[in-house]
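Okay, structure first, notes after.
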Amino acid sequence: MRGAILHAPGDIRVEDRDDPQIEKPTDAVIRMSATCVCGSDLWSYRGINESRGPAPMGHEYVGVVEEVGSDVTTIRPGQFVIGSFFASDGTCPNCRNGFQTACLHAEGMGALGAQAEMLRVPWADGTLVATPDVPDDELLPSLLAASDVLGTGWFAAVQAGVGPGSTVAVVGDGAVGLLGVLAAKELGAERIIAMSRHESRQRLATAFGATDIVAERGDEGVERVKDLTNGIGADAVLECVGTSESMSQAMSATRPGGRVGLVGVPHGVSLDGTELFYSHVQIGGGPAPVRRFLPDLIERIVERRIDPGKVFDLTLPLEQAAEGYAAMDERRAIKSLLLP
């Protein structure tokens, strides 16, 4: 099969890889219908995360089941499935508590390389969710978004306590932040402040439900949020970037007693314990347990109540994965969809 391989920072190549096989009785092998490039992939692409190439890339996937192991009972060949970026057994205490990314037997899908024609999925029963039927091609982008960025934005909103009547601020205008806007809208937020400097992303944020746009960053951005909230700050803030600046901005834009949903993978972030103590701001988040939300998100998508697939603004064949990475790195694209 063909798959994307990172050889060195900035060096993505699509090459021949061995076809995946069933290795454990709990595995499934799927043939990809669509995959994509994630903003978190760019940390390795840029050389910020150390990567020992050549390394397979990708952790977002939808496709049709080709084969299952002997212990798989809920997934069968021929089904169209969506899975999380972490494989989870679905039975351990952490899975039962709804934190499948902390599964005691979790396996990161990025190491298996989902930017490929086929993929082995460990713990198929606990990881994959089948749609009622094989969906129309027009639903592929939205269902693919559910595999990571939609579920991650949704988790940020849940952890920030977004509910009916909330005032929400979203820090970050990448795919996760934009879908955090969509999640806040779906969860009943009354006011949604999207922090973005880019016109195309501002338009998409507005389409997803943003009521206000703040282009300023840092202290100026915080002051604009407070101006919009009678000097208090937002009830809920979604931190969808993972830098020291974005985390500081999120904390400072949250009202006393409010909550921050932290889903940006931290890079160089440190918190002042004294400042946190006196802020009365609550923080929750981490790697999003996408599997918890998949059944609900799939239903919303299949019923066409939400259209998160709009976040993909570049579609390429898998063979052009390198351009998909470059376009996102250079901010020419929000998110690149790859068709095997």
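For the reader, a short list of remarks on this structure follows.
- For Ser244: the one exception among (1) closer than 17 Å to Thr152 by Cβ; (2) modelled with pLDDT under 95; (3) not aromatic (Phe, Trp, Tyr): (1)
- Applying a threshold of 8 Å to beta carbon distances and a minimum spacing of six or more residues, or different chains, the list of pairs starting in segment 38-58 at a residue that is more than 15 Å from Leu112 (Cβ to Cβ) and ending at one that is open to solvent by 30 Å² or more (accessible area, probe 1.4 Å) and among the acidic types (Asp, Glu) reads Leu42/Asp329; Tyr45/Asp329; Arg46/Asp329; Gly53/Asp11.
- Among the residues of segment 215-244, those that are within 26 Å of Gly151 (Cβ to Cβ) and in a loop (DSSP other than H, G, I, E, B) comprise Cys240, Val241, Gly242.
- Any chance Glu23 is modelled with pLDDT of 95 or more, open to solvent by 10 Å² or more (accessible area, probe 1.4 Å) and farther than 25 Å from Ala145 by Cβ: yes
- Residues of segment 25-48 that turn out to be over 14 Å from the mean Cα position of the chain (by Cα) and assigned to a strand (DSSP E or B), as a count: 7
- Residues of segment 245-292 that turn out to be outside any helix (DSSP H, G or I) and open to solvent by less than 30 Å² (accessible area, probe 1.4 Å), as a count: 12
- Restricting the first member to segment 149-168 and to residues that are within 11 Å of Ala288 (Cβ to Cβ) and open to solvent by less than 10 Å² (accessible area, probe 1.4 Å), and the second to residues that are of a type in the set (Asp, Glu) and assigned to a loop (DSSP other than H, G, I, E, B), the beta-carbon pairs closer than 8 Å and six or more apart or on different chains are Val149/Glu60.
- Val14 meets the conditions (1) in contact (Cβ under 8 Å) with a residue 60 or more places away in the chain; (2) under 26 Å from Phe155 (Cβ atoms) in every case but one. The failed one is (2).
- Any hit, segment 182-189, residues being among the small types (Gly, Ala, Ser) and out of contact with any strand residue (DSSP E or B) (no Cβ under 7 Å at 6 or more places or on another chain): yes
- Within segment 59-79, tally of residues that are touching a Pro at 6+ places or on another chain (Cβ under 7 Å), surrounded by 20 or more Cβ atoms within 10 Å (Cβ to Cβ) and either farther than 20 Å from Leu140 by Cα or free of Cβ contacts under 8 Å to residues at least 60 places away in the same chain (or both): 1
- Residues within segment 187-233 that are touching a Pro at 6+ places or on another chain (Cβ under 9 Å) and open to solvent by 60 Å² or more (accessible area, probe 1.4 Å), tallied: 2
- Residue in segment 175-185 that is on the phi > 0 side of the Ramachandran plot and either part of a loop (DSSP other than H, G, I, E, B) or crowded, with 24+ Cβ neighbours inside 10 Å (or both) present: no
The values are calculated or read from the model by the stated rules, or taken from the named source; none is laboratory data. Values in this document were obtained by computation on a predicted structure and should not be read as measured data. So basically every Cβ, Gly included, is an ideal-geometry build from the backbone, and we count neighbours across all protein chains shown. We work out accessible area using only protein heavy atoms, side chains counted, and drop any ligands, DNA or RNA first. Shrake-Rupley method; radii C 1.70, N 1.55, O 1.52, S 1.80 Å.
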